[in-house]
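S.K.: Below is a structure I'd like to ask you about.
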Ligand code: 13P
């Protein structure tokens, strides 16, 4: 019912030429793919060149990893949503835990960015997720609730068609320690319930919730077999064409 999404967050990796090469490999690997949306998020510097290199009738969609919440102005170092559209992006990742933790992004700022991105015509991949400390001290559900409710504040049900959620437990990012399929399902079904409360049941049933945090070729199938896991936001393994191709070709058959 929900078309799965496999997305690669390249983080701060790849020069322009390297990005074009990897994007082309990903695009080639989608030729035989059916029923899966594929998104890649190269660094800002490579976006327009990757957009040019991807076949116009191809299957790979382009995302940025961040944007600012204003249309233009004196915001040195920031990138406006419309600039990303201009560079060929259809999506933007917002609220990644690295932005929250290393760059101090608040739920409020992420919400403003979400509105600005949607207003510019981008689709948003909104990341949420608890730290290990929050999980171990029993605050996981509270954190997910705050991040979801505040991140999506003021959006209409129609705008939710343009939003994808990514549950990325911080303790599983870049650590090789993945949430078990059961842990992912528990968080995803909780978040879907939250969205039903914030909007309504049809919205919650339509929204795609991706899992992120050390997704690899050898664990993607188990994660994707969960009822509420609608895809993956892949970091490290998205930098290797073969690994990412295997992840795109996940199999939920036993
Ligand atoms: P890893 O797959 O490297 O753990 O990164 C996950 C992530 O942060 C994707 O946004």
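S.K.: How do 68, 167 line up, fewest other C-beta atoms within 10 Å first?
M.R.: Working: 68 19, 167 27.
If I rank by nearby Cβ atoms, fewest first, I get 68, 167.
S.K.: Over the chain, what is the percentage of antiparallel beta bridges among all DSSP beta bridges, to the nearest 5?
M.R.: 0 percent
S.K.: In nm, to one decimal, how far is the residue 34 label point from the residue 141 one, both placed 7 Å along Cα→Cβ?
M.R.: It is 4.1 nm.
S.K.: Let me ask you something else. Listing 206, 113 from the residue with the fewest other Cβ atoms within 10 Å to the one with the most, what is the order?
M.R.: 206, 113
S.K.: Still on this structure, I have one more. Only Cα pairs under 8 Å and at least 6 apart count here; give the relative contact order of region 31-127 as a rounded whole percent.
M.R.: Value for region 31-127: 27 percent.
S.K.: While we're here: Quick one: compute the contact order of the chain, relative version, from alpha carbon pairs under 8 angstrom and 6+ residues apart, as a percent. Provide the component values of the computation, followed by the final result.
M.R.: Values: 493 pairs, mean separation 50.7, N = 254.
After rounding, I find 20 percent.
S.K.: Right, another one. How big is the antiparallel share of DSSP beta bridges in region 1-151, given as a percent to the nearest 5? Provide the component values of the computation, followed by the final result.
M.R.: Values: 0 of 14 bridges.
Looking only at bridges with both residues in region 1-151, the antiparallel portion is about 0 percent.
S.K.: As a check on your grasp of the helix formula, calculate [θ] at 222 nm for the chain: sum -39500 (n - 2.57) over DSSP H runs of n ≥ 4, divide by the residue count, round to the nearest 500.
M.R.: Working: 11 runs with 101 residues, N = 254.
Rounded to the nearest 500, the figure is -11500 deg cm²/dmol.
S.K.: Sorted from largest down, what three extents in whole angstroms do the Cα atoms of region 1-142 have along their principal axes?
M.R.: Here the Cα extents, ordered largest to smallest, are 45, 39, 30 Å.
S.K.: Another one. Report the relative contact order of region 75-122, percent, no decimals, based on alpha-carbon pairs under 8 angstrom and at least 6 residues apart.
M.R.: It rounds to 56 percent for region 75-122.
A short reminder: the numbers here are calculations on the coordinates, not readings from a lab. Model, not experiment: these values are computed from the prediction. A quick note on method: Cβ atoms are made from the backbone with ideal geometry, for glycine too, and the neighbour counts reach across all protein chains shown.
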